[in-house]
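**Q** Here it is: the structure, laid out below.
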Amino acid sequence: MGGADRVIVVGAGVVGLTCAVRLLEAGVRVDLVARDLPRETTSAVAAAIWYPYRALPQDRVTAWARTSYAVFDALTDTDPDCGVRMVPGTEVQRTVRPDPWWRAAVPELEHTVDVPAGWAAGWSFTTPVVDMGVYLGWLGGRVEELGGTITRLNLSALPASGLVVNCAGLGARLLATDRTVVPVRGQVVVVEQLGLERWWLDATGPTYVVPRERDIVVGGTDIEGDWSRTPSPQTAADILARGAGLVPELRDARVLRHRVGLRPVRPAVRLERVGDVVHCYGHGGAGVTLSWGVAEEVVALVGR
């Protein structure tokens, strides 16, 4: 399998855009096509805290996540306007537990019992938090700066000629005829920024409170097989109540908007080359978390 001079990337979420950037940096001409433009994708809804969620297998996910962590950390120094910040926080647990399976992906992680009432312990670590409204624009800008193109195109099948990188996410059900990819509905509530400087997470909900510069994302839900993108008022009330268990100040926070995204979950992330197609999809709730790691592997599979 030789290298390619031109690649078509299918999908304009965070994974497709990141793959396009890395391929362009490697000297490949890239044309990205997608039904949904970047700010219309599931990626745009994400709270986008670096955290390996609903993605397997553990060993490959840990390696990809470690690479992405390092790139995001570096971006905060080299390009402070890209929408990425390193933010400290704590994942809480009902019982004391050993290190998480993805421990090797973060430079530092400390066990703590300094947690809100109702929880017994937790892990504290600093992690990238990505404001997707800013970051997707930054990624799209990088693609264009490097000479790539982004075009809206509603495909009924993968392109039949040339080398294709399939980052279609949930669209892979159709484009790759892969019925193992299923939607996992995630609803969030975005509230005003109250001066919160730490994130909080209880993965069993999942319940998370993620501060960005201008607002706070409170989540969430994890409903497999639900295709609805319409926010539920009852679910929003439940999300805010759970979030207030972690951060009581949220009870008085002004709600700015409600969002729903459909995570593309499958039994394992598919990252492989089959003939002239490199498949890269099924990242579940960890598209941002794995994006730079999988993009580097995609470049290797393309052959540059």
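Every number in this text was worked out from the coordinates using simple rules, so none of it is lab data. Keep in mind it's a predicted model, so treat the numbers as computed, not measured. Note that we place each Cβ from the backbone using ideal geometry, even for glycine, and neighbour counts take in every protein chain shown.
**Q** Return the only residue of Thr180, Thr230, Thr207 being under 20 Å from the mean Cα position of the chain (by Cα) and surrounded by fewer than 16 Cβ atoms within 10 Å (Cβ to Cβ). Steps first, answer last, please.
**A** Values: Thr230 fails: under 20 Å from the mean Cα position of the chain (by Cα); Thr207 fails: surrounded by fewer than 16 Cβ atoms within 10 Å (Cβ to Cβ).
Of the residues listed, the single one that is under 20 Å from the mean Cα position of the chain (by Cα) and surrounded by fewer than 16 Cβ atoms within 10 Å (Cβ to Cβ) is Thr180.
**Q** Looking only at residues in the stretch 1-42 that are among the charged types (D, E, K, R) and in a loop (DSSP other than H, G, I, E, B), which one is farthest from Leu174 (Cα to Cα)? I'd like the intermediate steps shown before the answer.
**A** Keep residues of the stretch 1-42 that are among the charged types (D, E, K, R), which gives 5-6, 22, 25, 29, 31, 35-36, 39-40.
Next, from what is left, pick out any that are in a loop (DSSP other than H, G, I, E, B): 5, 35-36.
Working: Asp5: 27, Arg35: 13, Asp36: 15 Å.
Once the filter is applied, the top-ranked residue is Asp5.
**Q** Tally up the residues in the stretch 95-110 that are within 14 Å of Thr289 (Cβ to Cβ) and among the charged types (D, E, K, R), please.
**A** Summing the residues that are within 14 Å of Thr289 (Cβ to Cβ) and among the charged types (D, E, K, R) in the stretch 95-110 gives 0.
**Q** Can you find a residue in the stretch 147-161 that is without any contact (Cβ under 8 Å) to a residue 60 or more places away in the chain and over 30 Å from Val9 (Cα atoms)?
**A** No, there is no match, as no residue in the stretch 147-161 is without any contact (Cβ under 8 Å) to a residue 60 or more places away in the chain and over 30 Å from Val9 (Cα atoms).
**Q** Residues that are small (Gly, Ala, Ser): which strands (runs of 3 or more DSSP E) entirely in the stretch 80-131 hold 2 or more of them? Spell out the reasoning first.
**A** Values: elements: 84-93, 110-112, 121-130.
Because the criterion is at least 2 residues that are small (Gly, Ala, Ser), the strands (runs of 3 or more DSSP E) in the stretch 80-131 that meet it are 121-130.
**Q** On to the next question. Which of the residues spanning the stretch 215-226 are farther than 15 Å from Val45 by Cα and either among the hydroxyl-bearing types (Ser, Thr, Tyr) or in contact (Cβ under 8 Å) with a residue 40 or more places away in the chain (or both)?
**A** Step one: of the stretch 215-226, the residues farther than 15 Å from Val45 by Cα are 223-226.
Those that are farther than 15 Å from Val45 by Cα and either among the hydroxyl-bearing types (Ser, Thr, Tyr) or in contact (Cβ under 8 Å) with a residue 40 or more places away in the chain (or both): Glu224, Gly225, Asp226.
**Q** Would you point out which residue out of Arg6, Arg39 is in contact with a Lys or Arg (Cβ under 8 Å, 6 or more places away or on another chain) and among the charged types (D, E, K, R)?
**A** Numbers: Arg39 fails: in contact with a Lys or Arg (Cβ under 8 Å, 6 or more places away or on another chain).
Arg6 is the lone residue from the list that is in contact with a Lys or Arg (Cβ under 8 Å, 6 or more places away or on another chain) and among the charged types (D, E, K, R).
**Q** May I pose another question? If we keep just the residues of the stretch 239-269 that are crowded, with 20+ Cβ neighbours inside 10 Å and more than 19 Å from Val217 (Cβ to Cβ), which is farthest from the chain's Cα centre (by Cα)?
**A** Once the filter is applied, the top-ranked residue is Arg266.
**Q** Is it the case that some residue within the stretch 134-156 is surrounded by 14 or more Cβ atoms within 10 Å (Cβ to Cβ), of a type in the set (Val, Ile, Thr) and within 18 Å of the chain's Cα centre (by Cα)?
**A** Yes, because at least one residue in the stretch 134-156 is surrounded by 14 or more Cβ atoms within 10 Å (Cβ to Cβ), of a type in the set (Val, Ile, Thr) and within 18 Å of the chain's Cα centre (by Cα).
**Q** Within the stretch 206-258, how many residues are in contact with a Pro (Cβ under 7 Å, 6 or more places away or on another chain) and among the aromatic types (Phe, Trp, Tyr)?
**A** Total meeting the criteria: 1.
**Q** Would you confirm whether or not the stretch 269-276 contains a residue that is among the acidic types (Asp, Glu) and in a strand (DSSP E or B)?
**A** yes
**Q** Among the residues of the stretch 139-198, write down those that are among the charged types (D, E, K, R), touching a Lys or Arg at 6+ places or on another chain (Cβ under 9 Å) and either assigned to a strand (DSSP E or B) or closer than 20 Å to Cys19 by Cβ (or both).
**A** Within the stretch 139-198, the first condition is being among the charged types (D, E, K, R), and the residues that meet it are 142, 144-145, 152, 173, 178-179, 185, 192, 197-198.
Now restrict to residues that are touching a Lys or Arg at 6+ places or on another chain (Cβ under 9 Å): 152, 173, 178-179, 185, 192.
Hits for the stretch 139-198 are Arg152, Arg173, Asp178, Arg185, Glu192.
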